[in-house]
1. Output yes when any residue across segment 279-297 is under 22 Å from Ala67 (Cβ atoms), surrounded by fewer than 20 Cβ atoms within 10 Å (Cβ to Cβ) and of a type outside the set (Gly, Ala, Ser), and no when none is.
2. Of all residues in segment 157-214, which are free of Cβ contacts under 8 Å to residues at least 60 places away in the same chain, outside any helix (DSSP H, G or I), closer than 20 Å to Phe267 by Cβ and aliphatic (A, V, I, L, M)?
3. Please give the number of the condition Ile148 fails out of (1) in contact (Cβ under 8 Å) with a residue 40 or more places away in the chain; (2) surrounded by fewer than 24 Cβ atoms within 10 Å (Cβ to Cβ).
4. Part of a loop (DSSP other than H, G, I, E, B), β-branched (Val, Ile, Thr) and crowded, with 21+ Cβ neighbours inside 10 Å: which single residue out of Thr253, Thr244, Thr238 fits that description?
5. Report yes if Phe208 is over 24 Å from the mean Cα position of the chain (by Cα) and of a type in the set (A, V, I, L, M, F, W, C), otherwise no.
6. For segment 32-46, which positions are closer than 24 Å to Phe125 by Cα and part of a loop (DSSP other than H, G, I, E, B)?
7. Exactly one of these conditions fails for Thr111: (1) without any contact (Cβ under 8 Å) to a residue 12 or more places away in the chain; (2) part of a strand (DSSP E or B). Give me its number.
8. Among Lys79, Lys61, which is part of a loop (DSSP other than H, G, I, E, B), within 26 Å of Lys31 (Cα to Cα) and without any contact (Cβ under 8 Å) to a residue 24 or more places away in the chain?
Amino acid sequence: MKGILLALGLLVTSFSSMGADMSNGADNFYKSAKVNVEKVTFNNQYGMQVAGNLFTPKGLKSDSKNAAIIVGHPMGAVKEQSANLYATKMAEQGFVTLSLDLSFWGASAGTPRQAVSPDIYAEDFSAAVDFLGTRPLVDPQRIGVIGICGSGSFAISAAKIDPRMKAIATVSMYDMGAANRNGLKHSVTLAQRQKIIAEAAAQRDVEFQGGAVRYTGGTPLQLTGNAIGDEFYDFYRTPRGEVTPAGASAQTTTMPTLTSNVKFMNFYPFNDIESISPRPMLFIAGAAAHSREFSEDAFERAAEPKELVIVPGAGHVDLYDRVELIPFAKLTAFFKTHLK
């Protein structure tokens with residue numbers, strides 16, 4: 001298990017936590033009287049059903065065509081964790097918004113459950129564009145994307161080959177490829193990486209012969225004194241953000257299968273990121289976020305127009321739900337400017 005945690009960059013200086021921290025406006029389950037919400041489903045290109053929530057500002061004229069934004073949830077999460085909050089807040093600003101469960105997670109199709117498939121995750125974003133393009137209130141030429149945590153890298157992967165995504169923003173982005181290959185600040189050695197790959201390969205033999213599924217990474221089930229693990233615990237394992245999808249186990253939420261997680265080793269979302277230009281990109285990261293390096297790397301590689309916003313006093317998970325820290329005004333200005 002130690003090697004797996006190293007691959008996710010989770011072995012860092014510890015800190016003490018006393019449980020759910022609801023300060024700084026943590027409001028993951030925010031609802032708005034200004035917005036209508038509709039559960040929707042649509043198929044991706046592989047015939048897999050993707051589940052989403054469609055948010056529509058109340059009072060839109062029935063014959064109007066409006067800008068729309070797709071919102072992707074953190075890796076291992078579901079749309080009810082962070083994505084719905086962002087979608088609701090942006091709908092209050094006049095956008096039609098769509099949060100979605102990535103394939104293999106939440107209410108979306110895909111087996112085995114909690115499997116990793118970066119290509120299919122990216123496809124889900126393009127399928128969301130397909131779907132929004134058919135909505136009578138949406139202008140198909142004015143669709144943008146917000147990717148939170150791992151979804152930032154999946155949204156970039158999708159946008160590189162889907163020019164229908166006209167503006168791309170990421171928040172607390174994880175490059176899930178680099179995080180698994182190298183860990184944070186390149187802390188994982190080649191030998192450690194090879195050990196993780198070998199463990200996953202051996203587990204394939206076990207599961208092929210009917211053995212129990214193993215899960216990896218994700219959020220610890222108790223406070224450990226590990227800074228990053230406890231940061232995720234504070235969101236995913238407390239009333240602040242805990243959600244257990246139907247048919248899932250609370251013991252494995254946020255945890256991908258070990259055998260599939262190694263597919264991230266072959267995931268290089270920032271390669272050719274400059275090809276997204278001239279479509280604009282906005283990268284948002286917390287000043288104290290352990291993941292800040294990924295947003296800075298993407299920003300450095302991307303071509304203009306691009307912008308990097310560092311939020312003072314914010315860590316990685318803070319930007320999931322702390323509405324007093326999340327720069328919604330900046331996101332609103334970015335999309336109103338570039339989805340005109």
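1. yes
2. Within segment 157-214, just Ile161 meets the criteria.
3. (2)
4. Details: Thr244 fails: crowded, with 21+ Cβ neighbours inside 10 Å; Thr238 fails: crowded, with 21+ Cβ neighbours inside 10 Å.
Just a single option satisfies the conditions, and that option is Thr253.
5. Criteria met by Phe208.
6. Hits for segment 32-46 are Asn44, Gln45, Tyr46.
7. (2)
8. Lys61
Quick note: the coordinates plus some simple rules give every number you see, no bench work behind them. What you see is a predicted model, and the numbers here were worked out from it, not measured in a lab. In this analysis, Cβ positions are derived from the backbone assuming ideal geometry, glycine residues included, and neighbour counts consider all displayed protein chains.
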